[in-house]
Structure formats: structure tokens, C-alpha cells
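The values are calculated or read from the model by the stated rules, or taken from the named source; none is laboratory data. Note that the coordinates shown come from a computational prediction; the quantities given were computed from them, not determined experimentally. Don't worry about glycine lacking a Cβ; one is built from the backbone with ideal geometry, like all the others, and counts go over all protein chains shown. Areas reflect the complete protein model, heavy atoms only, side chains present, ligands, DNA and RNA absent. Shrake-Rupley method; radii C 1.70, N 1.55, O 1.52, S 1.80 Å.
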Amino acid sequence: MIQSINPANLQVIKTYQSMLTSEVNNILELTNSAFEEWKETSFVHRLKLMMKAADVLMKNKEDYSKLMTLEMGKPIVQSRAEVDKCAWVCEYYAENVEKFLADELINTDASKSFVTFQPLGIVLAVMPWNFPFWQVFRFAAPGLMAGNAGILKHASNVSGCALAIEEVFREAGFPENLFRTILVPSAQMEDVIKNEKVKAVTLTGSVPAGKAVAKTAGSVLKKTVMELGGSDPYIILEDADLEMAADTCVTARLINGGQSCIAAKRFIVVEKVYESFENLFVEKMKTKKMGDPFDESNHIGPQASIPLRDELHQQVERSIELGAKLLCGGKIPKLDGAFYLPTVLSNVKKGMPAYDEELFGPVAALIKAKNEIEAIEIANNTIFGLGAAVFTSDVKRGEKIAKEKIQAGCCFVNAFVKSDPRLPFGGIKESGYGRELSSFGIREFVNIKTVYIK
């Protein structure tokens, strides 16, 4: 049995029956049959349906937003923004697929030689709960436009969202079985990955989950894209606009209750402005309201579950035991749900969970650096490499640091890290490999085929 529980009040929303292996295998057969027909369709045909999917999302925006907030606790305003972003990615790939996947002529000694991009088949997506619609659509929109089919194994606590997404594509007019959701426990996934009908796997999730899925997929030589954890460093230099930087950094730390791989997590501040930044940052963190995620005046809802909240609190307590200083928060409030107060830790050093591990929640780690060089060293002193940011009034200086010095898949200057359909998204080191979004993302799951004519 799979349960969806409202993290704001711990009430069971709905219980789902796990699918039997025979049911999953039947879905894979049906989806593969749908793919065999879908791959022959034109870009124009796919475009019309994907634009309809965007329309379905917007038409049912309030229902989908409420479902997200109910299942994983995201503030309702952020849920609505997530639906908007999903519609955007559908429109983006509908409008650009022909350009991204057009044959590329290459001059050789042949009469004609070119590269063509052909669909692979079923792409299996193992997706997390934190952005229950967006994570799925950023794989599904390019995948279906490229001519592939999709199978979604979503996080168990957002099964309602998983089934709703399946219905979006059905309502938009896509073939009945081209995109399907399977409701199965993680223990059942090895057989699904190894099923011959599955041609590739994409996963967004934890490092252990990514390693396990990559190992299984690798054993049967299937292409994977991994978007894993992050401990994003934000560097604040001595010439930064501190008011703007503090505002941006607080927003970046608290989006989605801090439950984002690309949320700002470590704030590395040069000592010349450290005290001023710390005061501004703590002051702004204290103004953020926590409570019922359906109340639009609240900035933060609950964490996704009690176990996840408790794990975060343990990381905070261990860091304090090792010498971190608690500046605000750090407590479990006396509320029924999985709530955790916005928290700031200072004097954070290597060896502490707040320095070494990913803190998946509203906890900020402030780290003092002597200068720019040490700040960059600290930023790169992590197993992760997903996103990063640097704040400085010297834009050329910031650009050089972002381009050449920071070890991450993306680095923003004077802004917080976010995904955008127009830009490639992904990490290095233990934050994973491969890219989603933009032209790079749609080419991850196609056969990049050479055709040579004598």
C-alpha cells in the first residue's frame, strides 16, 4: 500500500494499491506499442498536442496547485508558479523542437553526410516529491516532443500528482498509453529498469538513489541522466550590495521550504563584510512567516514529512554540538505538522553536517572567509557541484569567477540559482551528470545518428 499524507496536519489524504509486477509489465507493453506509432508522427502533430497540454495545465491550474500543496506542503503561491512553469516548458519545446532536432549537414568526402536525431523509445523517470509537477514536465515535454514515450515512477507521497500528470497528457490528446504512471515501491524498480522495453532512465533525487539506479542501468548498458543533491555555495564579496544580497539569499534559502537541490545552502562571506551581512540575513530570516501553506501570507509551509524534518533537526543539533552557533530558529515548533523554523547557523566549519552535508530544509549555514580566494576554495570544498552564486558590484569580476573558478553545473551572478527551459540544467561531481532543458536536454535521449551517402 502507498499512502499520501498531508504534512501540514499528518492526515492521510489517500491510500493507493501498489501495482503488481504483471500490471507494470502490461503497462510497459502498452507504452511501447504507443511509442512505435508515436515515433512516426510529425513535429507539427506533436506540437499541437504539447500546446494543448499547456492549455490543460492552465485550465486546471488551481486544482493542480491545491493537490501539490496538499500532498507535499508547498505554499500555494509557489504551487501556482510551478504550474505556470510547466506550461512554459511545454510551449518552449513545442516551439523549438524542429530547430533543436533538425538534421545537421556535415561536409565530408560523401555526396551527402549528416547527423540525425532519432527517438530511443521508453524513457523511465524516477522523480522526487519536492517539485512534483515541474520535475516531471522538464523530462516529459522534451522527451515526448523528441518522439519518445514516458514511464513515471514518482515519489510515493505525491502519487496524486503522478496520476494527475498522466491525465494531463491524456486530456491533451496524446495516445492513451504514451505517458503512464506506475505506482510501485522503490524495491521493485530494479526489474523495471532492466525490462527490455525501457531504453533509458532519468532520475532526480538523492546521491544514494542515483548511484543505485545508475548501477542497475549500467549493468544493462542503458543511458542515464542523474540530477542529484547539492550544497550550493553563495559567495558574498566585499563590494557586494549587501541589502540586495541578503534579500536574494534569504529567498534562495527558503523557496519550497528550503527543499530544493539548488536552494542556497552555504553562505560564504568575506570577513570584511561578514558582520554586516550576518545581521541583515538574520533580520530578514526572522521576518519570514511559517504556517498553513494554503494561507497566502505564509512564506513557508511544512517540511514534506516528519522523518525528513527530524533528520534535518538532527543535522542542526550535531552541528551545534560541534561548535556552530545558533542565531535563530533551530527548534521544532509545537504544531501538528512537519514544521521547522527558519534557522541560521554561524561559525560553520568543515566536519559539521551544516558544512559537509546537504541540509534539505530552511537552514542556512554562514561561513566566514578571509578573502575571495579562500571563499572560492570553501565553495568548491564539497562533494557536490550543482549550482552556485556570487555577489559583487564588479560584474566582470563576478563573470570570471562564475565562468572559471566555481565547480558547478551553473553559477549565477547577483541572482539566485533557478532552472529555466532555455538554459541547460545539471551538475558535476556527486550532483550527477547529463543535462536537462534547452537544446542539450532534448538531445540526451535521442540516437545521435550519422548518415553517410557515397
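Couple of notes before you dig in:
- Look at the Cα gyration tensor of the range 35-124: its axes a ≥ b ≥ c give a/c of at least 1.5 with a/b over b/c, and that counts as prolate.
- Rounded to 5, the percent of DSSP beta bridges in the chain classed as antiparallel: 35
- Pairwise label distance in nanometres, residue 40 with residue 371, each label 7 Å out on the Cα-Cβ vector: 6.8
- Solvent-accessible heavy-atom area per residue, rounded to whole Å², over the chain at 1.4 Å: 41
- Subtracting the Cα-Cα distance of residue 423 and residue 251 from 0.36 nm times their residue separation leaves 59.8 nm of extension gain.
- Local net charge near residue 48, Cβ-Cβ under 15 Å (Lys/Arg +1, Asp/Glu -1): -3
- Taking the protein heavy atoms of the range 168-215 in the context of the full set of protein chains, the accessible area attributed to carbon and sulfur is 52 percent at 1.4 Å.
- The C-alpha atoms of the range 373-452 occupy a region whose extents along the principal axes are 50, 26, 24 Å, arranged from largest to smallest.
- Sorted into 10 angstrom bins from 0, the C-alpha pair distances of the range 184-226 split as 29, 64, 7 percent.
- Pairwise Cα distances in the range 269-413 exceed 24 Å for 39 percent of all pairs.
- For residue 63, solvent-accessible area (1.4 Å; no DNA, RNA or ligand), Å²: 100
- Inter-label distance for residue 396 and residue 167, nm, one decimal - labels placed 7 Å from Cα along Cα-to-Cβ: 5.7
- Residue 29-residue 111 FRET efficiency (beta carbon distance; Förster radius 56 Å; 0.05 resolution): 0.85
- Enclosed volume per residue, in Å³, of the convex hull spanned by Cα atoms of the range 352-396: 112
- Of the whole protein surface, residue 422 contributes about 140 Å² of accessible area at a 1.4 Å probe radius.
- Considering all C-alpha pairs of the range 153-206, those separated by over 14 Å amount to 62%.
- Translational diffusion of the chain, µm² s⁻¹ [Kirkwood Rh, Cα pairs; Stokes-Einstein; 37 °C; 0.692 mPa s]: 144
- When the GluC sites (Glu not before Pro) in the range 116-200 are filtered for DSSP coil states and for at most 15 other beta-carbon atoms within 10 Å of their beta-carbon, the remaining sites are 176, 196.
- Cα shape, the range 14-82, gyration tensor, a/c 1.5 rule: oblate
- Going by accessible surface with a 1.4 Å probe and the largest first, 232, 336 read 336, 232.
- Here is the list for the range 262-293: trypsin sites (Lys or Arg not before Pro) lying in DSSP coil, each with at most 12 other C-beta atoms within 10 angstrom of its C-beta, are 289.
- Checking every one of the trypsin sites (Lys or Arg not before Pro) in the range 312-351 against DSSP loop status and a limit of 14 other Cβ atoms within 10 Å picks out 331, 334, 350.
- For residue 329, net neighbour charge (Lys/Arg +1, Asp/Glu -1) across residues whose Cβ lies under 11 Å away: +3
- Nearest-10 value in Å² for the accessible area of residue 15, using the 1.4 Å probe: 60
- Translational diffusion coefficient (Stokes-Einstein; Kirkwood radius from C-alpha pairs) of the range 63-104 at 20 °C, 1.002 mPa s, in µm²/s: 182
- Taking the protein heavy atoms of the range 294-341 in the context of the full set of protein chains, the accessible area attributed to carbon and sulfur is 52 percent at 1.4 Å.
- Surface listing: 23, 71 arranged by accessible area from highest to lowest gives 23, 71, probe 1.4 Å.
- Label zone at residue 16 (point 7 Å along Cα-to-Cβ), backbone N below 11 Å, the range 172-192: 181-185
- Gyration tensor analysis over the Cα atoms of the range 83-237 returns equivalent ellipsoid semi-axes of 27, 20, 20 Å (largest first, whole Å).
- Whole-percent P(r), the range 229-352, all Cα pairs, 5 Å bins from 0: 2, 11, 20, 24, 22, 13, 6, 2, 0.
- Solvent-accessible surface of protein heavy atoms, probed at 1.4 angstrom with all chains present, puts 341, 57 in the order 341, 57, largest first.
- Value at 222 nm in deg cm²/dmol, rounded to 500, when DSSP H runs of n ≥ 4 in the chain each add -39,500 (n - 2.57): -12500 deg cm²/dmol
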